[in-house]
Amino acid sequence: MKLTAPKGTRDILPSEIGKWHFVEKQFMEVCSLFGYDEIRIPTFESTEVFSRGVGDDTDVVQKEMYTFDDKGGRSISLRPEGTAGIARSFIENGMGSMPFPIKLCYNITAFRYENVQKGRYREFHQLGAEAFGSAGPRVDAELISMISLFFRRLGIYDSMLRINSIGCPECRKKYNDSLKGFLLERYEGLCKVCRDRYEANPLRVLDCKDERCKTVTAEAPLLSDSLCNDCADHFVGLQEALSDLDIDYEIDKRIVRGLDYYTRTVFEFISENVGTQGTICGGGRYDGLIDQFGGGCVPGIGFALGVERLLMEMDSRGLVPGENEKVSLYIASIGDETVALAHRLCFDLRKNGIAAETDLTGRSFRAALKYAGKAGFTHLMIIGKDETDSGVVKLKSLKDASEKDYDLTDLVERLKEEFYG
Ligand SMILES: [Zn+2]
Ligand SMILES: [Zn+2]
């Protein structure tokens, strides 16, 4: 029987890992500039974390979650996103009594049972961040500016930021009634999914991709037009704070985001690049989430982006990061006498931060040379009797074929200086 990776999962091979490292490193560096510290949370949680956090009525919880009973009979779910687990951790670890704001960032795998399509997997990778403890719009703008700086570092300068406010529970209650009234008159025109959504979560109907629903809701009342005073002020404050930071944005009153915990600010970064059009990052405020978990009134805001989607975007723009510039050296030994010396030299080089390899498979000298040429090493060194007698070795660049002599006695020190001095 041939074993294959489960549908919706994939291997990330050594040949492509460089891109991943590049993106992850840029992300963590930018987060750290903004005072966000990394948090690592479990891959699975009690199912309740997501049913309460993400929302029982959402597609994510109802249809897409990997849920199972463990051997102790507990209902467990693989995390479909990061925020609910982090909120759980925030409370469990007493972060509510630490000085605010608490700024956290993460790099996780997440799992959703979805239709597999280009750039969309059942196991996928997310980078994201959360800021707890500030209700003011300036923290929203700061988080958004962090994402924008991250994109710039990757070479993406033209993504469009769209913002909206979906209000607080107060304004939403009022709005839901008027939206329901509007939809009820047009109920027959809605898709089946939206007919089910209509009662519990009418806001999601505005987000439906079905053409029928798009037509029906074209004239629907919008939440951002009926915000309470506080929410309206907050939204204006966000726009001012973004302008202060010279961040361009558009207001898109139809953004609602898919998850129940959002309040007030919601935003998306959109790529207008041909071929990969669409959302590359989304987030929003969730002022009620910690309270919903029993952790008291702690406001929060966060975002997440799919790494697979982001890499597709970079690929399509030709932004694949440059060749790994790291020096890596291959030592080929001639004859058995120098095998041990070559191996010890490798260890010395590695101890000094220089990647080095020598043969471990019993290749002949000739085969070893061939291997070194193919395997992507930057430099080749040959050690045989001549070299040990004279105490001088040649280092050959495999990029431009230039050669240089070194004394064996201070080889490591000199290479270290030349490569990394
Ligand atoms: Zn409100
Ligand atoms: Zn629909």
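Taking the residues in the range 197-210 that are more than 9 Å from ligand 2 (Cβ to nearest atom) and in a helix (DSSP H, G or I) as candidates, determine which candidate is nearest to residue 61 (Cα to Cα).
Ranking the candidates gives 200 first.
What single numbered condition from (1) closer than 25 Å to residue 125 by Cα; (2) touching a residue at least 40 places away in the same chain (Cβ under 8 Å); (3) small (Gly, Ala, Ser) fails to hold for residue 226?
Only one criterion is unmet by residue 226, namely (1).
Looking only at the range 310-331, decide whether some residue is surrounded by 19 or more Cβ atoms within 10 Å (Cβ to Cβ), in the same structural domain as residue 134 (by TED's automatic domain parsing) and over 30 Å from residue 375 (Cα atoms).
So far as the range 310-331 goes, no, none of its residues is surrounded by 19 or more Cβ atoms within 10 Å (Cβ to Cβ), in the same structural domain as residue 134 (by TED's automatic domain parsing) and over 30 Å from residue 375 (Cα atoms).
Could you tell me whether any residue of the range 235-255 is touching a residue at least 12 places away in the same chain (Cβ under 8 Å), within 16 Å of ligand 2 (Cβ to nearest atom), assigned by TED's automatic domain parsing to the domain that holds residue 125 and within 24 Å of residue 308 (Cα to Cα)?
no
Do you know which of the residues in the range 158-173 that are surrounded by 14 or more Cβ atoms within 10 Å (Cβ to Cβ) and part of a helix (DSSP H, G or I) is nearest to ligand 2 (Cβ to nearest atom)?
Filtering the range 158-173 for residues that are surrounded by 14 or more Cβ atoms within 10 Å (Cβ to Cβ) and part of a helix (DSSP H, G or I), the one nearest to ligand 2 (Cβ to nearest atom) comes out as 172.
Return only the number of the condition from (1) in contact with a helix residue (DSSP H, G or I) (Cβ under 7 Å, 6 or more places away or on another chain); (2) within 16 Å of ligand 2 (Cβ to nearest atom) that residue 176 does not satisfy.
(2)
For residue 393, are the conditions met, namely being assigned to a helix (DSSP H, G or I) and over 25 Å from residue 15 (Cα atoms)?
On the way: assigned to a helix (DSSP H, G or I): no; over 25 Å from residue 15 (Cα atoms): yes.
It is false that residue 393 is assigned to a helix (DSSP H, G or I) and over 25 Å from residue 15 (Cα atoms).
For the range 211-221: of the residues being in contact (Cβ under 8 Å) with a residue 12 or more places away in the chain and either within 11 Å of ligand 2 (Cβ to nearest atom) or surrounded by 16 or more Cβ atoms within 10 Å (Cβ to Cβ) (or both), which is farthest from residue 57 (Cα to Cα)?
Residue satisfying both the conditions and the ranking: 215.
Report those strands (runs of 3 or more DSSP E) wholly inside the range 263-354 carrying at least 3 residues which are out of contact with any Phe, Trp or Tyr (no Cβ under 9 Å at 6 or more places or on another chain) and of a type outside the set (D, E, K, R). It would help to see each step written out before you state the result.
Numbers: elements: 263-271, 278-285, 300-306, 328-333.
Here the list reads 263-271.
So which strands (runs of 3 or more DSSP E) stay within the range 1-115 end to end and still have 1 or more residues that are surrounded by fewer than 20 Cβ atoms within 10 Å (Cβ to Cβ) and among the acidic types (Asp, Glu)?
Answer list for the range 1-115: 44-46, 67-69.
Among (1) outside the structural domain of residue 100 (by TED's automatic domain parsing); (2) surrounded by fewer than 16 Cβ atoms within 10 Å (Cβ to Cβ); (3) away from ligand 1 (no atom under 16 Å from the Cβ), which single condition is residue 206 missing?
(2)
Among all residue pairs at least 6 apart or on different chains, which show Cβ distances below 6 Å where the first residue, located in the range 348-369, is free of Cβ contacts under 8 Å to residues at least 40 places away in the same chain and the second is of a type in the set (Ser, Thr, Tyr)?
Correct list of pairs: 355/328; 357/330.
What are the pairs, 6+ residues apart or on separate chains, where a residue within the range 56-73 that is assigned by TED's automatic domain parsing to the domain that holds residue 124 has its Cβ under 6 Å from a residue that is aromatic (Phe, Trp, Tyr) and part of a loop (DSSP other than H, G, I, E, B)?
64/113
Can you spot a residue in the range 225-240 that is away from ligand 1 (no atom under 16 Å from the Cβ) and under 33 Å from the mean Cα position of the chain (by Cα)? Let's see the steps before the verdict.
Step one: list which residues in the range 225-240 are away from ligand 1 (no atom under 16 Å from the Cβ), which gives 239-240.
Next, only the ones that are under 33 Å from the mean Cα position of the chain (by Cα) stay: 239-240.
Within the range 225-240, one or more residues are away from ligand 1 (no atom under 16 Å from the Cβ) and under 33 Å from the mean Cα position of the chain (by Cα).
The values are calculated or read from the model by the stated rules, or taken from the named source; none is laboratory data. The structure presented is a predicted model; accordingly, all values stated were derived computationally and were not measured. Counting neighbours? That spans all protein chains shown, and the Cβs are built from the backbone with ideal geometry, glycine included.
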